[in-house]
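The values are calculated or read from the model by the stated rules, or taken from the named source; none is laboratory data. Every value quoted in this text rests on a predicted model; they were computed, and no experiment measured them. All Cβ positions, glycine included, derive from the backbone under ideal geometry; neighbour counts span all protein chains shown.
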Amino acid sequence: MGHLSQQTLAIININIRSIKNRLGLSISTIFSVALVVGVLLCFLAMSKGFEKTLEGSGSEDVAVILRSGSMSELNSVITLEQARIIESGPGIRQWQGKPMISKESYIVVDAIKKSSNTPANIPLRGIDKMGEIIRENISIVKGKMFTPGTNEIVVGQALLNNFKGFGLNSQVKLGNATWEVVGIFSSPGTVFESELWADINVVQSFFKRSGIFQTIRVKMKKPADVKKLDEYSKNDPRLKLDTKSEKDFYLEQANASSDLIFYLGWPLSILMSIGSLAGAINTMYNSVVSRTREIITLRVIGFNATATFFGTIIESLFLTSIGATIGVSCAYLLFDGLTTSTLSGNFTQVVFSFKMTFKLFIKAIYLSLGIGIVGGLMPALRAARMPLVKINSF
Amino acid sequence: MTTENLITIKNLKKTHIKGKQALNIFHDLNMHIQTGNFIAIMGPSGSGKTTMLNMLGGIDKPTSGEIYFKEDRIDNLSENELTQFRAMHVGFIFQFYNLMPMLTAYNNVELPLLLTDLSKEDKIKKIKTALEIVNLSDRESHYPRELSGGQMQRVAIARAIVSNPDILLCDEPTGDLDRETANEILGVLKLLNEELNKTIIMVTHDPEAARYSKLTLHLDKGEFNQKELS
Ligand SMILES: Nc1ncnc2c1ncn2[C@@H]1O[C@H](COP(=O)(O)OP(=O)(O)OP(=O)(O)O)[C@@H](O)[C@H]1O
Ligand SMILES: [Mg+2]
């Protein structure tokens with residue numbers, strides 16, 4: 001007997017050659033699949049890019065210390081006394097005879113987003129010399145570092161690109177004070193690029209926070225020492241503080257926020273997929289019904305029911321894979337590397353890039369194949385079960 | 001000429017269910033059809049001519065009774081076995097040709113060969129021969145819409161004979177054609193019967209068409225006017 005694949009190929013050939021008879025429906029199916037795939041990829045790429053930025057921000061051997069129970073730097077408070085106790089903790093690396101501890105303030109200020117022209121919160125971080133030394137992959141790309149004791153600020157590259165008025169040498173009003181931008185710094189792929197930095201003492205006095213910090217960063221001798229420092233602080237009743245590695249700190253924030261994008265993205269995509277599925281089913285029913293005469297004739301001649309079934313499923317897959325290809329290409333061309341900003345766990349804006357990866361493409365392709373198979377299933381069964389005695393009623 | 005029985009029908013009963021109504025088409029039919037015969041079946045509309053062809057071709061099944069093809073019973077075959085039976089033994093010719101509009105004449109004739117394991121060269125040879133027999137070699141790359149009714153029916157005949165089936169079943173093969181074209185088609189059928197010894201059963205309303213056959217049977221009220229066919 002003739003091979004099933006030979007029969008199926010013949011039926012696919014007939015189906016695909018007759019697509020032009022139902023071009024409108026076929027094209028709308030293709031585009032609805034393209035849309036679903038595009039939207040899904042957009043969300044996934046956003047989530048991925050956001051994750052990458054926050055993950056890239058943390059070092060394993062830097063301990064971040066916040067008030068116990070604070071989820072973010074913003075609502076943490078640490079006193080000078082607590083900071084002093086930390087200074088005599090174990091495992092802290094030394095630099096020119098001093099412990100590598102950076103006491104930092106973290107304050108929210110307003111700025112105008114370039115893309116939407118609307119105000120948004122951005123972080124102003126007060127640091128001292130040690131704060132700069134601890135962050136190893138920071139470099140000044142234009143101008144210079146702020147001078148301690150002055151109202152000079154430096155601006156992260158990503159923040160400069162996405163917000164108005166932070167060009168080199170410009171004057172900016174933050175809180176009640178006016179500041180001068182003296183430098184632009186870069187720290188590729190980290191949240192720090194979305195921050196303003198100024199001298200800790202000046203920030204504390206301008207914002208009336210003398211003696212109070214939001215966070216302490218400690219450079220440890222080795223990553224494992226982070227845990228030792230945490231135990232040390234837990235054993236001291238005066239310190240109600242949480243200590244974790246900077247890497248874990250940002251990972252937790254990344255999870256919280258990219259989950260949000262993720263959990264919004266999938267349901268929306270699934271909802272749209274249902275719409276696109278309905279379209280595919282309709283198109284394939286139409287395809288089968290419009291070929292009733294051909295299908296029954298082939299069956300009477302001796303073509304297998306199975307071949308008719310697969311012929312229809314494959315036509316459906318053919319349409320949805322064209323859709324997926326269009327969706328993937330558009331998503332790639334439009335979104336890959338596109339930079340945007342969103343709220344981080346700190347409720348300040350984090351600038352990040354969409355990140356298209358091969359894995360995301362595979363997910364989108366699976367979704368479209370799913371639509372193709374499910375959409376073609378009932379019509380294909382119908383094709384396989386057409387009553388042959390109808391042959392004489394055409 | 002051989003006188004072997006190609007088809008034997010025993011105690012055949014066929015009832016169509018239409019809604020809640022049962023329609024008795026055949027009550028207790030017995031007959032033989034011999035290899036090499038060319039039978040025309042005539043009869044009033046609704047007498048069951050198409051139903052008979054469908055059962056002989058493995059498209060429909062009797063309600064009870066037996067149908068033998070040579071020695072083999074076919075009325076109790078499974079759906080898949082019937083599909084194979086049709087592919088191997090039966091050529092169908094329809095009133096409205098039933099060609100695939102998106103395929104050329106050549107590719108239409110090729111269809112039944114896709115159900116065989118013949119080599120590519122053998123397939124080409126068979127398709128060319130079939131098109132030659134119906135005198136359409138010069139039209140092999142034409143699409144059905146580029147052909148006349150008679151030409152389309154000739155493509156359909158080529159398709160029906162290309163895999164060398166034992167029997168040709170034709171339901172009103174000239175019903176859609178003018179007199180002259182009809183005679184041409186009937187001439188082709190007669191030639192297939194006489195020169196290539198094809199067994200043909202043809203349903204027709206047209207007495208002139210029936211004259212091309214070796215034997216004309218009249219079907220009425222579930223009975224043929226002649227039972228022992230020679
Ligand atoms: N699948 C079916 N279901 C129910 N009734 C059917 C079916 N097929 C045929 N019939 C009925 O059975 C009777 C015989 O039908 P059939 O098509 O065999 O007649 P016919 O002799 O070929 O008629 P015609 O000359 O009009 O083609 C008709 O009354 C028809 O309505
Ligand atoms: Mg009929």
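Looking across region B:208-218, the residues that are touching a strand residue (DSSP E or B) at 6+ places or on another chain (Cβ under 6 Å) and either part of a strand (DSSP E or B) or without any contact (Cβ under 8 Å) to a residue 60 or more places away in the chain (or both) come down to B:Leu215, B:Thr216, B:Leu217, B:His218.
Scanning region A:223-252 for residues that are among the basic types (Lys, Arg) and more than 20 Å from A:Ser57 (Cβ to Cβ) turns up A:Lys227, A:Lys228, A:Lys234, A:Arg238, A:Lys240. Go through region A:84-113 and give me each residue that's in contact (Cβ under 8 Å) with a residue 24 or more places away in the chain, among the small types (Gly, Ala, Ser) and over 30 Å from A:Lys173 (Cβ atoms). Answer for region A:84-113, where residues must be in contact (Cβ under 8 Å) with a residue 24 or more places away in the chain, among the small types (Gly, Ala, Ser) and over 30 Å from A:Lys173 (Cβ atoms): A:Gly89, A:Gly91.
Of (1) touching a Pro at 6+ places or on another chain (Cβ under 6 Å); (2) modelled with pLDDT under 85, A:Glu87 satisfies all except one. Which? (2) is the only condition that A:Glu87 fails.
Yes or no, residue by residue, for (1) away from ligand 2 (no atom under 16 Å from the Cβ); (2) in contact with a Ser or Thr (Cβ under 6 Å, 6 or more places away or on another chain); (3) not small (Gly, Ala, Ser):
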{"site": "B:Met152", "(1), (2), (3)": "yes, no, yes"}
{"site": "B:Val162", "(1), (2), (3)": "yes, no, yes"}
{"site": "B:Pro165", "(1), (2), (3)": "yes, no, yes"}
{"site": "B:Pro173", "(1), (2), (3)": "no, no, yes"}
{"site": "B:Leu177", "(1), (2), (3)": "yes, no, yes"}
{"site": "B:Glu180", "(1), (2), (3)": "yes, no, yes"}
{"site": "B:Glu184", "(1), (2), (3)": "yes, no, yes"}
{"site": "B:Gly187", "(1), (2), (3)": "yes, no, no"}
{"site": "B:Leu192", "(1), (2), (3)": "yes, no, yes"}
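Scanning region A:164-217 for residues that are in a helix (DSSP H, G or I) and in contact (Cβ under 8 Å) with a residue 60 or more places away in the chain yields A:Val191, A:Phe192, A:Glu193, A:Ser194, A:Ile200, A:Asn201, A:Val202, A:Val203, A:Gln204. For the structure I just gave you, tell me whether B:Thr83 is more than 8 Å from chain A (Cβ to nearest Cβ) and on the phi < 0 side of the Ramachandran plot. No: the conditions fail for B:Thr83. Taking (1) touching a Cys at 6+ places or on another chain (Cβ under 9 Å); (2) of a type outside the set (Ser, Thr, Tyr); (3) modelled with pLDDT under 95 in turn, B:Phe92 satisfies each apart from (3). Just so you know, in region B:45-69 the residues that are over 12 Å from the mean Cα position of the chain (by Cα) and β-branched (Val, Ile, Thr) include one that is nearest to the other protein chains (Cβ to nearest Cβ), and it is B:Thr51.
Of the helices (runs of 4 or more DSSP H) that lie entirely inside region B:1-112, those containing 2 or more residues that are within 16 Å of ligand 2 (Cβ to nearest atom) and free of Cβ contacts under 8 Å to residues at least 60 places away in the same chain span B:49-56.
Filtered by the rule that a residue be among the charged types (D, E, K, R) and at pLDDT 95 or above, region A:143-191 gives A:Lys144, A:Glu152, A:Glu180.
Could you grab me the full set of residues in region B:84-121 that are of a type in the set (Phe, Trp, Tyr) and under 16 Å from A:Glu294 (Cβ atoms)?
Selection gives B:Phe92, B:Phe94, B:Phe96, B:Tyr97.
Would you be able to say whether some residue in region A:49-58 is of a type in the set (Val, Ile, Thr), in a helix (DSSP H, G or I) and within 14 Å of chain B (Cβ to nearest Cβ)? The answer is no; no qualifying residue exists.
Check whether at least one residue in region A:22-38 is of a type in the set (Val, Ile, Thr), within 14 Å of chain B (Cβ to nearest Cβ) and either without any contact (Cβ under 8 Å) to a residue 40 or more places away in the chain or crowded, with 21+ Cβ neighbours inside 10 Å (or both), and report yes or no. Within region A:22-38, not a single residue is of a type in the set (Val, Ile, Thr), within 14 Å of chain B (Cβ to nearest Cβ) and either without any contact (Cβ under 8 Å) to a residue 40 or more places away in the chain or crowded, with 21+ Cβ neighbours inside 10 Å (or both).
Per the listing A:Phe361, A:Phe310, the residue uniquely within 39 Å of the chain's Cα centre (by Cα), at pLDDT 90 or above, surrounded by fewer than 24 Cβ atoms within 10 Å (Cβ to Cβ) and not in a loop (DSSP other than H, G, I, E, B) is A:Phe310.
Does A:Arg67 count as within 14 Å of another protein chain (Cβ to nearest Cβ) and not aliphatic (A, V, I, L, M)? No, not satisfied. In the set B:Gly36, B:Gly19, only one residue is away from chain A (no Cβ under 14 Å) and farther than 18 Å from A:Lys390 by Cα; that residue is B:Gly36. Every condition in (1) at pLDDT below 95; (2) closer than 26 Å to B:Leu189 by Cβ; (3) of a type in the set (Gly, Ala, Ser) holds for B:Ala22 except the one numbered (2). Residues to consider are A:Leu241, A:Leu264, A:Leu277, A:Leu268; find the one that is among the aliphatic types (A, V, I, L, M), in contact (Cβ under 8 Å) with a residue 60 or more places away in the chain and touching a Gly at 6+ places or on another chain (Cβ under 6 Å). Answer to the check: A:Leu277.
Where strands (runs of 3 or more DSSP E) fall wholly inside region A:114-163, the ranges with 1 or more residues that are surrounded by fewer than 16 Cβ atoms within 10 Å (Cβ to Cβ) and free of Cβ contacts under 8 Å to residues at least 60 places away in the same chain are A:119-127, A:139-143. Out of B:Pro173, B:Pro165, one residue alone is within 16 Å of ligand 1 (Cβ to nearest atom) and within 16 Å of the chain's Cα centre (by Cα). It is B:Pro173.
Whenever a residue of region B:115-127 is away from chain A (no Cβ under 11 Å), its partners that are not in a helix (DSSP H, G or I), lying with C-beta atoms within less than 7 angstrom and at least six residues away or across chains, give the pairs B:Lys126/B:Val162; B:Ile127/B:Val162.
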